[in-house]
Structures are given as C-alpha cells and as structure tokens.
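Here's the structure, in structure tokens; my notes come after.
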Amino acid sequence: MKTFITEDFLLFNKTAKELYHNIAKDLPIIDYHNHLNDVEILEDKNYSNLSEIWLAGDHYKWRAMRANGIDEAYITGGKNDYEKFLAWAKTVPNTFGNPLYHWTHLELLRYFDIDKVLNEESAPEIWEEANAKLATPEFSVRSLLKRDKVEFVGTTDDPIDNLHSHSKMLREGYECKVSPSFRPDKGLAIEKEEFISWVENLSEVSGVSINSYGDFLEALAKRVEFFGEIGCRSSDHGINVMFYEESNRNEIDTLFKKRLNGEELTERETNQYKTHTLQTLGELYADKGWVMQLHIGPLRNNNTRMFERIGADSGFDSMNDRRVAEKLAKFLDSLEVKGKLPKTVLYSLNSQDYQVLAAMAGNFQNAEVPGKVQFGTAWWYNDTIDGMEDQMKTLANTGLISNFIGMLTDSRSFLSLSRHDYFRRILCNLLGTWVEEGKVPKDMALLEKYVRGICYENAKRYFSI
C-alpha cells in the first residue's frame, strides 16, 4: 500500500500550499539543539542498516513498542537488528494519532523514496531497499546533512568533553557548522552521588585544582572559554524543577566544601548552590553573547526496575507538574538587574505551563535582540501537530510569533531532520488558516517574511550564525 504522504500533506488550504511550496519547503535548516553524534559527523559514517539509524537510542519508538506489548529483548535487549526492526514494523500500524506514524513514513519517503506503508507485510522489502541505499555514499551522515541543506548543528556536550571532533571539523572548515552546546547539568546536580567524581574530572580537564567553590567557578569559566574557542553559541540546562533560593557567597563556599567532604545537603542548601551557580554561568553566557536554553519540567527515571536494568534516557521519563512561575521570574530578574541576562529560551515539557512561559518571556524583552527571551518550540511530548499549534498560538496570543526562532529536533537520529519539514507544513497551514478565516490579510510579502523568519532567518540571527 502506498503512503498517505502527498506533496500537500498537512496543507489544508490554498494559502498554506503557496506558503509551503513557494517559500518554506527549500529553506536551509538551523538545528540549534539536538543530540546528534559529532564523531559520526566527523567520520562521515554510513549506517549498516535501518534499525541502527532509526531505532538505536530512540526512546520515543521504544515507548511505543512497549505500549504495544513488545518484549524488551526486541527494544533494548539482545535481539538482532532485523528482529528489532520487525518489532517496530509490527508496532507502526498501531500508532495512528502519534507523530511517530507521520515521522516514520515521512522519513521513508523523503530519504529513501519508499512510498509504502510500513507494516509486518511490507517490512522485509522495506528493510532490503533501505539498507541497500544506506550502504551508498549518498547516505553517509554528511551527505544527509547536505541533502537537507543543514547549515548549523548544535550538539549537546558536557563541560568535561574534550570536543576533539568539533575541533577537527572547525580546523577542516566543514561547510556545515557543527557547534558544541555547553550542558553543565552534572555540575549543578550537587545532590547526586556522581557529583564529586564529576568535579574531579572537571579539575583534570580544566587544569584547576578544585579545593573550594571559587576554584570550581574558575574551572567552569575556563571550560566556557574553551567551548567558545571551538565555536559554542549556546548553553543548555535540563531543569526538572525550577529553583531559586537566595544566599551569599560565604554560604555557598561552606556548603560546597561540605559536599566535597561527602556530606549530604538539605534541599534548601542544594537550591542555594544551584541558584548561585546558574546565576554565575548566566553572567558568563551574557558576556559571551551565548544563548541560555532552559528545558524545564521533566520527571525522570520513573520506573525504578527498568532504570536499574537499562539506565537513564531509556523512555521512562514524563512531565512534571511543579510550579515554575515565581522561581523562574526571580532567577531571570536576578540576572536582568545586573544587566547580565543572556538571550534565553524557555521550554516546558508540560503544556500547562505554556501561558506561564510565554508571558514570562515578555517580561524581559529589550532593544538588544528582537525576541531576546523566547518561549521555545514545542518540546518532547508536545512535539505533535496539536502541541506545535498550541505553542505557536500561545506565543502569538501573548507575544510576537514573528520573532519566533522555530523548530529543533532534540533528536539522536540524522533522519529526524525531516521534522523541520513537518514543522514547516504545520506552520504554513496555521498561517494559511488564519488567512482563509479572515483573521490576517493575504499579504504574501508579509507572510513570506513570517515564514522565512520562523523557519530559518530568526534562528540564524539569534544564534549569531
């Protein structure tokens, strides 16, 4: 059976079709936040089969397979790649309404020219056809990036990473900018058991002997400098629960030494440390002209048995419902009063906070950068048709969607770059619907400015690319 993915997929009116086909479709891609493997980009890897490029590390698919009653052996266990692919093919027909159904067929058609619905019957033929193409030079990682017109890739990197691959690509002058993003989550998680060993690793890579909180900040500052030399343009922070707890430097010095000595901290002390450290980092980012991305609201590792068996980032996270407004406001304001609030993107995993973040962003705009504080794109569980539309409508209702920096993949798969196409269709259909319903004029020059900005130009300017 042929797929339902037509040229006008998700475009339900004449204006939407015009905006997509004439403007959005062929714009370059700025994928400013993802988890793509920089080593694979450097080495221009060819994947051995469809399962390797499609299923390995994709906890979205893993969750769907588990919900379909697939045994873990076919998901993260010892079954071979073909058996895992067949398990995924068995699951796909059950994913109506889930973006995975659209993404799967969009990727098969867009990359492999496979115009077939994936199911148990079609799986063997699709497996052979896709694998034959993956073995060719046209399907190497760099070839895929070039095909998608990707100009910028923002990977996710720990401050203790050596960035060897990034350095080599920078020296090479690789045409697609592959930029590290500074993700110091382990350095803020002072309550975690592995914090002390992480500090020891930070000491080693920075060349700073860390015996005090001042030493720790010096080491972080050196890593910020190092990342900047390699082309870093942004930081990224995973914040399960938003924190803000005032303190003075003496208190932080004391509790940091307490933790280095192996003692546990109270919740208040933990939040004091996190607040002061993120404030300090925020000031460094502002000085660098970096973007600070705050991913707020996951509730992680909910299934203890599976966490102990498989580990983190395996599909057992969901959204949190803790309050965010007051503490986020105080944190952003603590930087703003010093004139040190960097460009900031606010993402929420829980759509109940859309209005909160959109309104919060409006509190801290200024003349430096249009849309300096962004209400970020629909993220993770919200990365759906409804979620993207809700996010954009909320932004439009509360702020200026014209300055929106648009889509990112947040993905580990190079095939996921097709989600930019998915987003562009949804955006064009939303704008087209507003035109057709008489809510905005059919001013094609102005509409083109919106589409080009949201799909490409705003992010390019915002991240100084």
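The values are calculated or read from the model by the stated rules, or taken from the named source; none is laboratory data. From a predicted model like this one, the values you see are computed outputs, not experimental measurements. All Cβ positions, even for glycine, are placed from backbone atoms using ideal geometry, and neighbour counts span all protein chains on display.
Looking at the range 439-450, can you tell me whether even one residue there is of a type in the set (D, E) and closer than 28 Å to C176 by Cβ? Within the range 439-450, one or more residues are of a type in the set (D, E) and closer than 28 Å to C176 by Cβ.
Residue count for the range 344-359 satisfying the condition of being crowded, with 21+ Cβ neighbours inside 10 Å and either farther than 20 Å from M319 by Cα or not assigned by TED's automatic domain parsing to the domain that holds K327 (or both): 1. Residue count for the range 381-427, restricted to those that are within 14 Å of V451 (Cα to Cα) and outside any helix (DSSP H, G or I): 5.
Can you tell me how many residues in the range 259-294 are touching an Asp or Glu at 6+ places or on another chain (Cβ under 7 Å) and either surrounded by 21 or more Cβ atoms within 10 Å (Cβ to Cβ) or over 15 Å from A189 (Cα atoms) (or both)? Residues meeting the conditions: 4. Could you tell me whether any residue of the range 432-446 is within 30 Å of E368 (Cα to Cα) and either small (G, A, S) or within 18 Å of the chain's Cα centre (by Cα) (or both)? Yes, there is a match, as at least one residue in the range 432-446 is within 30 Å of E368 (Cα to Cα) and either small (G, A, S) or within 18 Å of the chain's Cα centre (by Cα) (or both).
Restricting attention to the range 178-192, the residues being surrounded by fewer than 18 Cβ atoms within 10 Å (Cβ to Cβ) and not in a loop (DSSP other than H, G, I, E, B) number 1. Does S235 satisfy the condition of being part of a strand (DSSP E or B) and in the same structural domain as V291 (by TED's automatic domain parsing)? When the stated conditions are applied, S235 passes them. Evaluate the range 145-168: report whether one residue or more is of a type in the set (G, A, S) and more than 23 Å from I230 (Cα to Cα). Checked the range 145-168: no residue is of a type in the set (G, A, S) and more than 23 Å from I230 (Cα to Cα). Being touching a residue at least 12 places away in the same chain (Cβ under 8 Å), in a loop (DSSP other than H, G, I, E, B), within 20 Å of the chain's Cα centre (by Cα) and assigned by TED's automatic domain parsing to the domain that holds V373 is the requirement here; does G282 meet it? Against the criterion (touching a residue at least 12 places away in the same chain (Cβ under 8 Å), in a loop (DSSP other than H, G, I, E, B), within 20 Å of the chain's Cα centre (by Cα) and assigned by TED's automatic domain parsing to the domain that holds V373), G282 does not qualify. Residues that are in a loop (DSSP other than H, G, I, E, B) and crowded, with 19+ Cβ neighbours inside 10 Å were ranked within the range 50-69; the one that is nearest to the chain's Cα centre (by Cα) is D58.
Residues of the range 135-161 that are under 28 Å from L284 (Cβ atoms) and part of a loop (DSSP other than H, G, I, E, B): T155, T156, D158, P159, I160, D161. Which one of these is surrounded by fewer than 20 Cβ atoms within 10 Å (Cβ to Cβ) and at pLDDT 95 or above: N98, N131? Step by step, each of N98, N131 is checked, and only N98 is surrounded by fewer than 20 Cβ atoms within 10 Å (Cβ to Cβ) and at pLDDT 95 or above.
Looking at the structure I just gave you, is K330 surrounded by 13 or more Cβ atoms within 10 Å (Cβ to Cβ), in the same structural domain as L341 (by TED's automatic domain parsing), more than 22 Å from E218 (Cβ to Cβ) and over 20 Å from the mean Cα position of the chain (by Cα)? In short, yes. The residues of the range 70-124 that are basic (K, R), out of contact with any Asp or Glu (no Cβ under 8 Å at 6 or more places or on another chain) and part of a loop (DSSP other than H, G, I, E, B) amount to a single one, K79. Only one of V440, V451, V435, V369 is outside any helix (DSSP H, G or I), in contact (Cβ under 8 Å) with a residue 60 or more places away in the chain and not assigned by TED's automatic domain parsing to the domain that holds L55; which? Result of the check over V440, V451, V435, V369: V369.
Scan the range 204-215 and give yes if some residue there is out of contact with any helix residue (DSSP H, G or I) (no Cβ under 9 Å at 6 or more places or on another chain) and either part of a helix (DSSP H, G or I) or under 20 Å from W290 (Cβ atoms) (or both), otherwise no. Within the range 204-215, one or more residues are out of contact with any helix residue (DSSP H, G or I) (no Cβ under 9 Å at 6 or more places or on another chain) and either part of a helix (DSSP H, G or I) or under 20 Å from W290 (Cβ atoms) (or both).
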